[in-house]
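Let me begin by presenting the structure, written as structure tokens, before commenting on it.
The values are calculated or read from the model by the stated rules, or taken from the named source; none is laboratory data. Note that the coordinates shown come from a computational prediction; the quantities given were computed from them, not determined experimentally. Here Cβ is always computed from backbone atoms with ideal geometry, including for glycine, and neighbour counts include all displayed protein chains. The accessibility values were calculated without ligands, DNA or RNA, using every heavy atom of the protein model including side chains. Shrake-Rupley method; radii C 1.70, N 1.55, O 1.52, S 1.80 Å.
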Amino acid sequence: MDYGVPAALGVAPELMEEVSTGTTIMACVYDGGVVLGADSRTSTGNYVANRASDKITQVMDNVWMCRSGSAADTQNVCAFVKNAVEEHGIMSGSDEPGMADVKLVANVTMQIAYRNKDRLSAGMIIAGWDRRAGPQVFGIPLGGSLEKCDFTLGGSGSAYITGFCDDTWKPGMSREEAEAWIRRAISIAISRDASSGGVIRLVTIHEKGAEKQMFEPAQHPLAYDELPVIRREEVVA
Amino acid sequence: MSGIGTGYDLSTTTYSPDGKVFQVDYACKAVDNGGLALGIKCSDGVVLGVEKLLPFKMLVPGSNRRIAPVDRHAGMAGAGLAPDARQIMSRARSECANYKSFYGDKIPSKILADRMANYLHMFTLYWSVRPFGAAVLLAVRDPATGKYELYLLEPSGECQRYHGMAIGKGRQAAKNEVEKLKLGEMSCLEAVKEAARIIVTTHDEKDKDYECELAWICDDSGGEFKKVPKDIADEAIAAAKRALEDDDAMDAD
């Protein structure tokens, strides 16, 4: 994009582009909880602005959000939703502060995304566990629609793995199966999508709480024709 | 304007020297003059009843209802000025619809009660408006807990949760009767009979005709606010009237 910045200023044009998360994000339900997964590449055009970013953001103790699209837009939508949901918890006199209904969080997010659809480029996935309805996943893609699903994908990388996911999805997976499935899918997306990369991040939410995990490239399942990562310490040794 | 304490009743924006807002007190008087409304919290729901006074013989039976649903899971009974009560109900409907469109779910009972109380309270703060001459009983099934709740909203903006309550004409006698009931323990089916009985017995003979309106929100009504089915309501009212006539006959003996 040409912003009319003189070359003499020394700013590469691609650095003037919007910082966006050309991304792979996904989430799925399993027997007793949900798993959210994401790669960690944040790019500004060709430039990798951050290779270890965290695209899975906490909204409440029991509800998290995967963000794709403009980093600025999604971060701010997330902050607004957090605020609105926390205020709602106080107004309704919730006996579990910090917890919220997943459906409620998804609806508020959708309202913000839809009412500002002309100004936002934000694709989000809301997933979590609540006492009322158990594990739930909601997709909120670009136009601001809202869909409840067993699993959903987002970001540029999703184009490379929808077929894989449709084919290998199993309802009623165990936590281990679900985590392995998401790691597999994201590693495949990373192998083909130029704007997805870095580590794989997972957040697993269930009745007892939420847990974060991170997997370095060396731990990724190998895709077709991919060479294994050799770690520096291995080379030195 | 002669003595101390006079001349403070023209607007809600001035307190009297002893801390009263007379316009609010007068609004409560308007409530006390209207027909009786009562609410009974039961083990399986809430029953609302209203004694609707009929000033004219030619009124179509069942018209100008004083009990109305505001959402599937909430309903109101008004006492006092009917148009004011209607305005409150209309606002409650907007609050329910507005909440649902933003949050995607039915409004929780506490939030509905709080928002309505705020609405009523706004009319006690400005010189240019008058407080509502109506109070309403609000019966809700909380969508999160599935519990039934009864609230009273007053012209002052006060909002309290009750096991049983009566407002309007003859409220004191009615409240005494409601207090005697096993509130929170009896079933709605029993409470309908009690509500009819209380409305019929506390009705002032001097008043013209009246109609007894009954509505409930309970497990039998599928958790939705509905009129009590005609057969059950008619029987409860007929039984109450029979009992009253028997009592009168005994008194005459």
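Given the condition open to solvent by 10 Å² or more (accessible area, probe 1.4 Å), over 30 Å from residue B:230 (Cα atoms) and not in a helix (DSSP H, G or I), answer yes or no: does some residue in region B:21-39 qualify? So far as region B:21-39 goes, yes, one or more of its residues are open to solvent by 10 Å² or more (accessible area, probe 1.4 Å), over 30 Å from residue B:230 (Cα atoms) and not in a helix (DSSP H, G or I).
In the condition set (1) closer than 24 Å to residue A:150 by Cα; (2) more than 14 Å from every other protein chain (Cβ to nearest Cβ); (3) open to solvent by less than 50 Å² (accessible area, probe 1.4 Å); (4) in contact with an Asp or Glu (Cβ under 9 Å, 6 or more places away or on another chain), residue A:57 is compliant with all but (4).
Among the listed residues A:157, A:172, A:98, identify the single one that is open to solvent by 50 Å² or more (accessible area, probe 1.4 Å) and touching an Asp or Glu at 6+ places or on another chain (Cβ under 8 Å). Selected residue: A:172, the only one of A:157, A:172, A:98 that is open to solvent by 50 Å² or more (accessible area, probe 1.4 Å) and touching an Asp or Glu at 6+ places or on another chain (Cβ under 8 Å). Residues of region A:77-105 that are facing chain B (nearest Cβ under 10 Å), in a helix (DSSP H, G or I), touching a residue at least 24 places away in the same chain (Cβ under 8 Å) and not small (Gly, Ala, Ser): A:85, A:103, A:105. Any idea which residue in region A:185-211 is most open to solvent (accessible area, probe 1.4 Å), counting only those that are more than 24 Å from residue A:168 (Cα to Cα) and of a type in the set (D, E, K, R)? Once the filter is applied, the top-ranked residue is A:208. Filtering region B:117-126 to residues that are open to solvent by less than 60 Å² (accessible area, probe 1.4 Å), farther than 18 Å from residue B:30 by Cβ and either among the β-branched types (Val, Ile, Thr) or assigned to a loop (DSSP other than H, G, I, E, B) (or both) leaves nothing. Whether a residue is farther than 29 Å from residue B:144 by Cβ, of a type in the set (Lys, Arg) and either part of a loop (DSSP other than H, G, I, E, B) or modelled with pLDDT under 95 (or both) was assessed, and residue B:57 passes this test. When you check residue A:43 against the structure, is it hydroxyl-bearing (Ser, Thr, Tyr) and either at positive phi or within 14 Å of chain B (Cβ to nearest Cβ) (or both), yes or no? No; evaluated as a whole, the condition is false for this residue. Scanning region A:151-190 for residues that are part of a helix (DSSP H, G or I), more than 16 Å from the chain's Cα centre (by Cα) and charged (D, E, K, R) gives A:166, A:167, A:175, A:176, A:177.
The residues on offer are A:103, A:117, A:148, A:82, and the sole one that is over 26 Å from residue A:207 (Cα atoms) and open to solvent by 10 Å² or more (accessible area, probe 1.4 Å) is A:117.
Within region B:203-239, the set of residues being surrounded by 12 or more Cβ atoms within 10 Å (Cβ to Cβ), more than 20 Å from the chain's Cα centre (by Cα) and more than 23 Å from residue B:60 (Cβ to Cβ) comprises B:219, B:220, B:239. So, in region B:117-142, of the ones that are within 15 Å of residue B:160 (Cα to Cα) and touching a Leu at 6+ places or on another chain (Cβ under 8 Å), which residue ends up farthest from the other protein chains (Cβ to nearest Cβ)? Ranking the qualifying residues of region B:117-142, first place goes to B:135.
The residues of region A:32-68 that are assigned to a strand (DSSP E or B) and among the aliphatic types (A, V, I, L, M), listed by number, are A:34, A:35, A:36, A:38, A:48, A:49, A:56, A:59, A:60, A:63, A:65. When we screen B:84, B:114 for residues that are open to solvent by 10 Å² or more (accessible area, probe 1.4 Å), at pLDDT 95 or above and more than 14 Å from every other protein chain (Cβ to nearest Cβ), the only hit is B:84. Of all the residues in region B:87-110, those that are in contact with a strand residue (DSSP E or B) (Cβ under 6 Å, 6 or more places away or on another chain), away from chain A (no Cβ under 12 Å), surrounded by 17 or more Cβ atoms within 10 Å (Cβ to Cβ) and more than 22 Å from residue B:54 (Cα to Cα) number 2. Determine, yes or no, whether residue A:132 is part of a loop (DSSP other than H, G, I, E, B) and within 12 Å of another protein chain (Cβ to nearest Cβ). Criteria met by residue A:132. Among the residues of region B:127-176, those that are surrounded by fewer than 20 Cβ atoms within 10 Å (Cβ to Cβ) and touching a Ser or Thr at 6+ places or on another chain (Cβ under 7 Å) comprise B:127, B:142, B:157, B:173. Of all the residues in region A:126-142, those that are open to solvent by 40 Å² or more (accessible area, probe 1.4 Å) and touching a Lys or Arg at 6+ places or on another chain (Cβ under 7 Å) number 1. Of the residues A:221, A:228, the single one that is at pLDDT below 95 and either open to solvent by less than 70 Å² (accessible area, probe 1.4 Å) or assigned to a helix (DSSP H, G or I) (or both) is A:221. Residue B:186 meets the conditions (1) open to solvent by less than 30 Å² (accessible area, probe 1.4 Å); (2) in contact with a Pro (Cβ under 7 Å, 6 or more places away or on another chain) in every case but one. The failed one is (2).
When residue A:167 is tested against (1) surrounded by fewer than 16 Cβ atoms within 10 Å (Cβ to Cβ); (2) in contact with a Ser or Thr (Cβ under 7 Å, 6 or more places away or on another chain), just one condition goes unmet, and that condition is (2).
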